[in-house]
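Structure, as structure tokens:
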Amino acid sequence: MALDTAKPLKSSDKVGTICRALRRAIIEQALEPGAKLPEDALGERFGVSRTIARHALGQLASEGLVELRRNRIAVVVTPSWQDARDTFDIRMELERLVMRQLAGRLSRAQVARLKAHVEAESAAREGPDAVSIRLATEFHVLLATMTNSPVMVRYVSEIAYRCCLTLSLYSRPHSSECGVNEHIGIIDALERSDAAGAMALMHSHLDQVATRALVTPMPARGRDLLDVLAPYAAEGAELSVAPAAKAVAALKPRIVR
């Protein structure tokens, strides 16, 4: 009789699965700012205890995506416009550092990976704006991972996702073609070892992203939380069973010096 050799997920793995699913649901606007995130509902959807759900919410709170209120009530953060502008300003300086570290140091495989991601962005232009925003954000996170600096990855990821949340709240319809072309220009400058040019392009790009935002709050949809999270929970479960070695390798690409 065949034995099931699959190992049960550790608590930390379950927390990570929930965080990935909620993070994506937030940046794709499936969960709008101000939406409540009850621990019992999350536990039911992801098949975990309320304690594990609480730990996941705490992690997202540390990233600035969730606000923890009294009586263990958690909601998706609603950033003010001034906070949003300040966040973009800080992000510009952080990502200028990323450009300085990567210029002339990317391997061919890394350049190919960046270009493949931009192709995915281009292919998504005809779809929902939320997906384009998510892919654009993931491009910047991917650049940060290529520095192989855990500190840089952490801070760029957190602030990029906060900016993504801002765009989901204060965005106006616009063509994503501009962002795609700007990403292509950044890759070209990095390939040319043009650190100054890449830094200038990144600063201009993020300033344009912020400028293309408009104070137009998205209307509340009032959808059921369990229904909203269904596809994200399923996808998170698939990701959680991927080999750990592949996950680590994906996060830490090598830099050729």
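The values are calculated or read from the model by the stated rules, or taken from the named source; none is laboratory data. Remember, it's a predicted structure, so these values are computed and weren't measured experimentally. No Cβ is skipped: glycine too gets one built from the backbone with ideal geometry, and neighbour counts run over all protein chains shown.
Kindly indicate whether any position in the range 23-39 is free of Cβ contacts under 8 Å to residues at least 60 places away in the same chain and farther than 30 Å from Asp188 by Cα. If you could, list the steps in order and put the result at the bottom.
We begin by selecting, within the range 23-39, every residue free of Cβ contacts under 8 Å to residues at least 60 places away in the same chain; these are 39.
From what's left, farther than 30 Å from Asp188 by Cα: 39.
Looking for residues that are free of Cβ contacts under 8 Å to residues at least 60 places away in the same chain and farther than 30 Å from Asp188 by Cα, one finds at least one in the range 23-39, hence yes.
Taken over the range 25-35, the criterion of being buried (at least 19 other Cβ atoms within 10 Å of the Cβ) and out of contact with any Lys or Arg (no Cβ under 7 Å at 6 or more places or on another chain) is satisfied by Ala25, Ile26, Gln29, Ala30, Leu31, Pro33, Ala35.
The residue that is surrounded by the most Cβ atoms within 10 Å (Cβ to Cβ), among those in the range 195-213 that are of a type outside the set (A, V, I, L, M, F, W, C) and at pLDDT 90 or above, is His205.
Somewhere in the range 214-225, is a residue crowded, with 16+ Cβ neighbours inside 10 Å, closer than 22 Å to Ala30 by Cβ, of a type in the set (Gly, Ala, Ser) and modelled with pLDDT under 90?
First, the residues of the range 214-225 that are crowded, with 16+ Cβ neighbours inside 10 Å: 225.
Imposing the further condition that a residue be closer than 22 Å to Ala30 by Cβ reduces the set to 225.
Next, from what is left, pick out any that are of a type in the set (Gly, Ala, Ser): none.
No: the range 214-225 contains no residue that is crowded, with 16+ Cβ neighbours inside 10 Å, closer than 22 Å to Ala30 by Cβ, of a type in the set (Gly, Ala, Ser) and modelled with pLDDT under 90.
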